[in-house]
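The values are calculated or read from the model by the stated rules, or taken from the named source; none is laboratory data. Keep in mind that this is a model prediction, so the values were computed, not measured. Cβ atoms come from the backbone with ideal geometry, glycine included; neighbour counts cover every protein chain shown. Side chains included, ligands, DNA and RNA excluded: accessible areas come from the protein's heavy atoms. Shrake-Rupley method; radii C 1.70, N 1.55, O 1.52, S 1.80 Å.
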Amino acid sequence: MVNRYHLSEVWTGDAFERDVVVTVRDGMIDSVEVGVPPGSEMVALPGVAFPGFHNDHSHVFHRLLRGHVGKGDFWTWREEMYRVASELDPDSHREIAAATFHEMVAAGYTSVTEFHYLHHRPDGRPYDDPNVMTDALADAAAEAGIRLTLLDTCYLSAGFGRPPQGVQVRFSDGTADAWAERVSAWKPPDGVTFGAAIHSVRAVNPRQMGVVSDWAAGRPLHVHVSEQPAENKECLNHYGRTPIQVLLDAGISGPEVTYVHATHANKADITQLSGTATTVCVCPTTERWLADGIGPTGAMAEAGIRLTLGSDSQAVIDPFEEMRLLELHQRLASGKTGTHAVADLITAGTGGARLEPGAPADIVTVSTDSPRTAGVPVEGLVFAATAADVRSVVIGGTVVS
Ligand SMILES: [Zn+2]
């Protein structure tokens, strides 16, 4: 099936171009022509277009915690999250996943990386089908029409060797080999990218990390790291090294690997990380909500580290908010503007997606005549638009929202 979309103004990956016609064949971009006026055989998508936004770190069920105002810090929030995690079953997991994925699509996300760790029954025993909670996520993504990268997370310890406690037994397979056996039994449906995650240096030791990375070989592999100063402190006490140094020493780095947060990475961490081709996924709205701190993203970008963005706890689902906070947090921390250029914010927000032949036909358009966006120059839309300004969402060549 062939469709031709006319885009009056579009970010193609390098710059904004006018009057662009994107021809789509079987869900993929066949050609991109610049400077072509709208024609009767084309579908016009009004507004300013972008490649679809990519949400590189999500836990769908955290959506149930949105707006629950707590007092304390990350660790008190985690207790609330554990309470919610203890109550979900495969049906309610599917329902909250579908609702959250629908919200992402409406906000302009065309793809999501789900960091999935809620595997077993509340008492830790596997379900009859040990991957039924994983199936729930794949079903929900198919229903919402969002592209899914599913990361099955290995979680074995409550912290540096301590056994899982309470609801944490739902996350654990007991051993890294049992984790690998369970995930090897899951066959992803067509269109789902299947990868792995190491929950953190708290939950998985270096030997166990090796089992996960061997299984993951060639697939995406993500890991939470240095979100909280307490994690760095405990890791230094236990290993005599920072969490990032522990991961690097265990060989958990490279083009398939993403470190999530890295908020408390130090200068030596950044120096060692640069050159490994490892990505860092920043989650600004969650890091703000959980009082995590402001990560050294300017130093990372300067060191050539690729950055992506994620909605993580779903405190907010809005790719524009994530993109602008990458720069705005640096303004607060440095007293200067311009750490991250607009092009770099968009690249982080789309995961580097480009509208070019051979790429998936995932396109998002943004209204330029809303109360928020009227009169805003196209290069400033990242600082003015919200998820409510998303007008059309095309995934795989089909208008889904
Ligand atoms: Zn997370």
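With both residues required to sit in the chain, DSSP beta bridges show an antiparallel share near 45%.
What number does the range 281-401 give for Rg over Rh if you use C-alpha atoms and the Kirkwood radius? Radius of gyration over Kirkwood radius for the range 281-401 works out to 0.97.
Close amide-amide hydrogen proximity is noted between residue 154 and 197, 198, 199, each under 5 Å apart and 5 or more residues distant or on a separate chain (H modeled in the peptide plane; Pro and chain starts excluded). Using only the Cα atoms of the range 198-287, build the gyration tensor, take square roots of its eigenvalues as a ≥ b ≥ c, and label the shape rounded, prolate or oblate: rounded if a/c is under 1.5, else prolate if a/b is larger than b/c, else oblate. Here the range 198-287 falls in the rounded category. When nucleic acids and ligands are ignored and a 1.4 Å probe is applied, residue 14 ends up with an accessible area of around 100 Å².
Helical runs assigned H by DSSP (4 residues or longer) give the chain a calculated mean residue ellipticity at 222 nm of -9500 deg cm²/dmol, each run adding -39500 (n - 2.57) before division by the residue total. Surface exposure of the range 54-192, expressed per residue as accessible area with a 1.4 Å probe, stands at 40 Å². For the range 20-36, 3J(HN,Hα) computed residue by residue from phi via the Karplus equation (6.51, -1.76, 1.60; θ = phi - 60°) reads 10, 10, 9, 9, 10, 10, 6, x, 10, 6, 8, 8, 10, 10, 9, x, 10 Hz, glycine and proline entered as x.
Distances between placed amide hydrogens fall under 5 Å for residue 28 paired with 361, all partners being 5 or more residues away or on another chain.
Since only 127, 112, 180 are under comparison, the one whose Cα sits farthest along the positive direction of the charge dipole of the range 85-219, derived from C-beta charges on Lys, Arg, Asp and Glu, is 180. Full extension of the chain between residue 76 and residue 91 yields a length gain of 2.7 nm, computed as 0.36 nm times the residue separation minus the alpha carbon distance.
Applying 1/(1 + (r/R0)^6) with r as the Cβ-Cβ distance of residue 374 and residue 177 and R0 = 41 angstrom yields a FRET efficiency of 0.10. Sorting 327, 302, 143 by accessible area puts them as 302, 143, 327; the probe is 1.4 Å, largest comes first, and only protein heavy atoms count. Note on the chain: with neighbouring protein chains present and a 1.4 Å probe, carbon and sulfur make up 52 percent of its accessible heavy-atom surface. The charge dipole of the chain, taken about its Cα centre with unit charges on the Cβ of Lys, Arg, Asp and Glu (plus for the first two, minus for the last two), comes to roughly 880 debye. The spread of Cα positions in the range 329-385, taken along each principal axis and listed from longest to shortest, comes to 42, 27, 13 Å.
The 1.4 Å probe gives accessible areas that order 105, 34, 316, largest first, as 34, 316, 105. For a straight C-alpha distance cut-off of 28 angstrom, the lysines reachable from residue 267 (same-chain residues fewer than eight places away being disregarded) are 233, 336. The phi torsions of the range 186-198, fed into the Karplus equation with coefficients 6.51, -1.76 and 1.60 and a -60° offset, translate into couplings of 8, 9, x, x, 3, x, 8, 8, 10, x, 10, 9, 9 Hz, rounded to whole numbers, with Gly and Pro shown as x.
Computed from backbone phi, the HN-Hα couplings of the range 359-367 come to 8, x, 7, 10, 9, 10, 10, 10, 5 Hz, rounded to whole numbers (Karplus: 6.51 cos²θ - 1.76 cosθ + 1.60, θ = phi - 60°; Gly and Pro given as x). Across the chain, Cα-Cα distances exceeding 36 Å account for 22% of all pairs.
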